[in-house]
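Below is the structure I would like to discuss, written out as structure tokens.
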Amino acid sequence: MTAFTNLFVGFIVNLLVAVFIVRYIYYPVKQNKNYVFTFIAFNTAIYFVMSVLTSVELSVGVGFSLFGLFSLLRYRTNPMPTREMTYLFVIIALPVLNSVLITDDAWLSLGLVDAAIVAILYVLERGWGFHYELSQRLVYERIDLIKPDHYDLLLADLRERTGLPIKRFEVSNINFLRDTAEIKIYYDDPQKSGGSFAWLDSDTGGYWDNGRTLSASAD
């Protein structure tokens, strides 16, 4: 095939793989328009940039200068969660690999590499063979229960209020002036009931789907 045909056939293959990853692996877990836009836009732009770099003879200095320019970009929004950052790295690495393999006419290798990436992401997202423990931080006001002797009572109260199968908890930052304490709870990933409400792990940058923070208050 000609270079022009390689360019656009590779673009279609790369885009289809990226859309499959975003739409059928990432999107079903969290429907975030901003990240979907970012993933697809990054993937497309980097594919064409890499295609130019691999098809046109440029000096090594020009190539490094161009990617150095990308490193100056900063998002002025909230920090990206670990999961989204991982997907972004995959989405960026995908067109780099594809453009190089297409230039070398290594179509079989391209297909195997893309299939392997999709398969690994699919398996990891489904959690096959793994048992996950989630965590969440909350503010607790029943300061009278923040004692070692009342561990079972506090655990029962947390389970009743949150409705989660809490296995253990850690108490930190006790504030006697406001009669509150920060508690980190640990629980197994509950079965999703199909609703729009979701508990996400605070350690991985998770947040409430409805935008609220968790706080245990007086009944």
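The values are calculated or read from the model by the stated rules, or taken from the named source; none is laboratory data. Fair warning: this is a prediction, and the values are worked out from it, not measured in the lab. Don't worry about glycine lacking a Cβ; one is built from the backbone with ideal geometry, like all the others, and counts go over all protein chains shown.
Is there a residue being part of a helix (DSSP H, G or I) and under 18 Å from R168 (Cβ atoms) anywhere in the stretch 105-112?
Initially, the stretch 105-112 is screened for residues part of a helix (DSSP H, G or I), giving 107-112.
Then drop every residue that is not under 18 Å from R168 (Cβ atoms), which leaves none.
So far as the stretch 105-112 goes, no, none of its residues is part of a helix (DSSP H, G or I) and under 18 Å from R168 (Cβ atoms).
Scan the stretch 161-179 residue by residue and report those that are within 15 Å of K147 (Cβ to Cβ) and surrounded by 11 or more Cβ atoms within 10 Å (Cβ to Cβ).
Taking the stretch 161-179 and keeping what is within 15 Å of K147 (Cβ to Cβ), we get 169-172, 174, 176, 179.
Selection gives F169, E170, V171, I174, D179.
For F20, which of the numbered conditions (1) more than 14 Å from the chain's Cα centre (by Cα); (2) free of Cβ contacts under 8 Å to residues at least 40 places away in the same chain fails to hold?
Looking at each condition in turn, F20 falls short on (2).
Mind listing whichever residues of the stretch 122-160 are closer than 30 Å to E84 by Cβ, out of contact with any strand residue (DSSP E or B) (no Cβ under 9 Å at 6 or more places or on another chain) and surrounded by 12 or more Cβ atoms within 10 Å (Cβ to Cβ)?
Taking the stretch 122-160 as the starting set, the residues that turn out to be closer than 30 Å to E84 by Cβ are 122-140, 158.
Adding the requirement that they be out of contact with any strand residue (DSSP E or B) (no Cβ under 9 Å at 6 or more places or on another chain) leaves 122-130.
Once the filter is applied, which keeps residues that are closer than 30 Å to E84 by Cβ, out of contact with any strand residue (DSSP E or B) (no Cβ under 9 Å at 6 or more places or on another chain) and surrounded by 12 or more Cβ atoms within 10 Å (Cβ to Cβ), the stretch 122-160 yields Y122, V123, L124, E125.
Read through the list (1) assigned by TED's automatic domain parsing to the domain that holds A181; (2) on the phi > 0 side of the Ramachandran plot; (3) of a type in the set (D, E, K, R), then give the number of the only condition that D105 fails.
Here D105 meets the rest and fails (1).
Of the residues that make up the stretch 118-139, is at least one over 27 Å from the mean Cα position of the chain (by Cα), assigned to a helix (DSSP H, G or I) and on the phi < 0 side of the Ramachandran plot? So that I can check it myself, show each step before the final result.
Looking only at the stretch 118-139, we keep the residues that are over 27 Å from the mean Cα position of the chain (by Cα), and these are none.
The answer is no; no qualifying residue exists.
Suppose we filter I102, I92, I185, I117 for residues that are at pLDDT 90 or above and within 30 Å of S51 (Cα to Cα); which single one remains?
Numbers: I102 fails: at pLDDT 90 or above; I92 fails: at pLDDT 90 or above; I185 fails: within 30 Å of S51 (Cα to Cα).
Exactly one of I102, I92, I185, I117 is at pLDDT 90 or above and within 30 Å of S51 (Cα to Cα), namely I117.
Suppose we filter the stretch 122-152 for residues that are aliphatic (A, V, I, L, M) and touching a Leu at 6+ places or on another chain (Cβ under 9 Å); how many remain? Before the answer, list the steps.
Residues of the stretch 122-152 that are aliphatic (A, V, I, L, M), as a first pass: 123-124, 134, 138-139, 143, 145-146.
Going one step further and asking which of them are touching a Leu at 6+ places or on another chain (Cβ under 9 Å), we end up with 134, 138-139, 145-146.
The total comes to 5.
Identify, by number, the condition in (1) touching a helix residue (DSSP H, G or I) at 6+ places or on another chain (Cβ under 7 Å); (2) over 23 Å from Y27 (Cβ atoms) that P95 doesn't meet.
(2)
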